[in-house]
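First up is the structure itself, then whatever we jot down about it.
Derivation of every value follows stated rules applied to the coordinates shown; laboratory data play no part. Every value quoted in this text rests on a predicted model; they were computed, and no experiment measured them. Here the Cβ is made from the backbone with ideal geometry for all residues, glycine too, and neighbour counts use every protein chain on show.
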Amino acid sequence: GQLEKGGYPHFMLKEIFEQPDCINDCMRGRINADGDKVVLSAVIDHKERLLKARRFVIVACGTSWHAGLIGKQLIESFCRIPVEVEYASEFRYRDPVIHEDDVVIAISQSGETADTLAAIELAKEKGAFIYGICNAVGSSIPRITDTGSYIHVGPEIGVASTKAFTGQVTVLTMLALTLAKEKGSMTDEKYLEVIRELTVIPAKIKKILISNPKIAELSRIFTYAHNFLYLGRGYSFPVALEGALKLKEISYIHAEGYPAAEMKHGPIALIDAEMPVVVIATHNAMYEKIMSNIQEIKARKGKVIALVTEGDTVVSKLADDCIELPETLECLEPLIATIPLQLLAYHVAICKGKNVDQPRNLAKSVTVE
Ligand code: G6P
């Protein structure tokens with residue numbers, strides 16, 4: 001009913017707008033009031049086991065797998081522990097090498113995904129330690145894992161996952177920070193910088209949400225498209241994948257996410273005046289390289305929608321449209337850059353008259369294979 005949607009036309013839009021509050025809920029009690037310490041209790045309780053791991057393996061499906069790709073970069077960068085990310089459905093059937101000292105992190109919004117459950121069972125049999133990151137309290141995955149952390153973002157109703165994704169990335173950031181502190185693998189300066197910035201992410205998301213009408217307006221011109229390409233590098237590559245998935249799920253437009261530098265190995269052949277390309281082109285280490293990708297797209301008459309850092313004047317001259325994002329640390333950018341891509345997918349689907357909360361052929365939770 002309308003009441004449950006809190007005045008929003010769809011659960012998806014409500015859940016997108018809830019994200020500043022959700023991320024605060026997720027951090028509550030885990031980051032102290034002074035903003036200088038993160039404690040994820042499961043990490044502290046099991047720190048010996050986690051620190052003796054020779055590697056972490058993240059297993060998940062769908063959007064949760066995209067969060068896992070970001071988690072890999074965070075854990076490797078902060079903790080210097082190698083991390084592999086696998087689709088649970090592939091992992092469970094390929095006779096994977098699992099050591100007793102491995103730690104498997106299972107990420108699942110619903111806590112009920114059949115493939116993720118089966119991947120956990122397999123890893124458990126081989127003696128790995130299992131850490132769950134779930135939303136649904138008391139669901140199957142938290143019951144069979146050795147330990148874990150809830151993301152605490154509240155029930156997610158829209159089939160296309162939004163607030164669970166940013167909640168998962170927030171927990172993975174806190175996990176990496178807590179572990180890095182225990183391991184001593186991060187300088188105090190960097191540790192404090194990341195925590196301080198993490199605590200202001202909700203306010204920065206609020207700023208992006210103000211551009212919702214502008215994104216709605218922009219979306220109207222893309223209903224003609226049959227294909228979309230999403231490009232990003234580093235921490236933004238999984239964001240590109242997630243942006244493309246959101247569009248596919250609810251607007252039924254084919255979309256692909258690609259690491260920007262891989263464009264020349266294939267996708268560039270597809271670019272013409274009918275091909276919108278969403279480029280995450282914020283100020284980071286790869287800015288100059290992304291800029292040359294934009295020039296290559298423009299040279300082939302592709303339409304570029306760029307996500308840029310506030311105040312950017314260079315990309316705005318090249319791109320057809322720009323969406324400005326507040327500046328943040330590169331490692332936290334996924335939490336910011338994902339938001340306009342969720343809104344873009346939502347509005348394109350609305351313009352096409354699609355049922356955004358219940359897209360055809362998709363289920364919120366896939367409890368069968
Ligand atoms: C389904 C949902 C997706 C979700 C995926 C994994 O495909 O439609 O939104 O990302 O399952 O679900 P989980 O609950 O394990 O995160």
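Here are some pairs, K206/K246; K124/K183; K264/K354; K52/K246; K72/K248; K181/K214; which of them have Cα atoms lying more than 31 Å apart in this structure?
Numbers: K206/K246 20 Å; K124/K183 25 Å; K264/K354 33 Å; K52/K246 37 Å; K72/K248 24 Å; K181/K214 41 Å.
Cα-Cα > 31 Å for K264/K354; K52/K246; K181/K214; rest within.
So what's the convex hull volume per residue for the Cα atoms of the stretch 1-158, in Å³?
125
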Considering only DSSP states other than H, G, I, E and B, which trypsin sites (Lys or Arg not before Pro) in the stretch 68-101 qualify as loop sites with at most 14 other Cβ atoms within 10 Å? R80, R94
List the aspartates and glutamates whose Cα sits under 14 Å from the Cα of K352, skipping any in the same chain fewer than 8 residues away. E217, E249
Projected onto their principal axes, the Cα atoms of the stretch 295-369 stretch, largest extent first, over whole-Å spans of 47, 32, 23
The alpha-carbon center of the stretch 138-197 and that of the stretch 286-332 are separated, in whole Å, by 29
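Using the crude model of +1 on Lys and Arg Cβ and -1 on Asp and Glu Cβ, and no other charge, please compute the dipole size for the chain relative to its Cα centre, in debye to 20. Provide the component values of the computation, followed by the final result.
On the way: 41 positive and 47 negative charges, 89 e Å.
Taking the Cα centre of the chain as origin, the dipole is about 420 debye.
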On the principal axes of its Cα set, how long, how wide and how thick is the stretch 206-281? Give whole Å, largest value first. 37, 29, 21
Along the stretch 348-363, Karplus-curve 3J(HN,Hα) (6.51, -1.76, 1.60; θ = phi - 60°) to the nearest Hz, with x for Gly and Pro, reads 4, 5, 4, 4, 8, x, 8, 7, 5, 7, 9, x, 4, 6, 10, 10
Which listed residue (M275, L335, I323) has the Cα farthest towards the positive end of the charge dipole for the chain, taking +1 on Lys and Arg C-beta and -1 on Asp and Glu C-beta about the Cα centre? M275
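Rounded if a/c is under 1.5, else prolate if a/b beats b/c, else oblate: with a ≥ b ≥ c from the C-alpha gyration tensor eigenvalues square-rooted, which is the stretch 100-184?
Values: a/c = 2.35, a/b = 1.15, b/c = 2.05.
Here the stretch 100-184 falls in the oblate category.
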Point-to-point label distance, R54-L270, nm (Cα→Cβ direction, 7 Å offset): 3.9
Return, for the Cα atoms of the chain, the radius of gyration and Dmax in Å, separated by a comma. 19.8, 56
Amide H within-cut-off set for A106, under 5 Å, with H built and near neighbours excluded: V59, Y131, G132, I133
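Of the listed peptides 14-24, 99-109, 168-178, what is their order by residue-averaged count of other C-beta atoms within 10 Å, with the highest listed first?
On the way: 14-24: 21.7, 99-109: 23.4, 168-178: 26.7.
Result, highest mean Cβ count within 10 Å first: 168-178, 99-109, 14-24.
Over the stretch 177-233, what number does the Rg to Rh ratio reach, with both radii from the alpha-carbon atoms and Rh per Kirkwood? If you can, show how the numbers build up before the last one.
On the way: Rg = 18.8 Å, Rh = 15.1 Å.
Looking at the stretch 177-233, the ratio lands at 1.24.
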Output ³J(HN,Hα) for the stretch 11-17: one whole-Hz value per residue in order, computed from phi by the Karplus curve 6.51 cos²θ - 1.76 cosθ + 1.60 with θ = phi - 60°, and x for Gly and Pro. 4, 4, 5, 4, 5, 5, 6
From the residues A128, A164, T145, which one has its Cα farthest along the dipole of the stretch 127-209 in the positive direction, the dipole being from +1 and -1 charges on Cβ of Lys/Arg and Asp/Glu about the Cα centre? A164
Full extension from D36 to M291: what is 0.36 nm times the residue separation minus their Cα-Cα distance, to one decimal in nm? 88.2 nm
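Taking N as the number of residues in the stretch 6-56, what is its Cα Rg relative to 2.2 N^0.38 Å? Mind showing how you got there, number by number?
Details: Rg = 16.8 Å, N = 51, 2.2 N^0.38 = 9.8 Å.
Dividing the Cα Rg of the stretch 6-56 by 2.2 N^0.38 Å gives 1.71.
Hey, what number do you get for the chain at 222 nm if only DSSP H runs of n ≥ 4 count, each worth -39500 (n - 2.57), divided across all residues, to the nearest 500?
On the way: 15 runs with 168 residues, N = 369.
Roughly -14000 deg cm²/dmol at 222 nm, from the helical runs in the chain.
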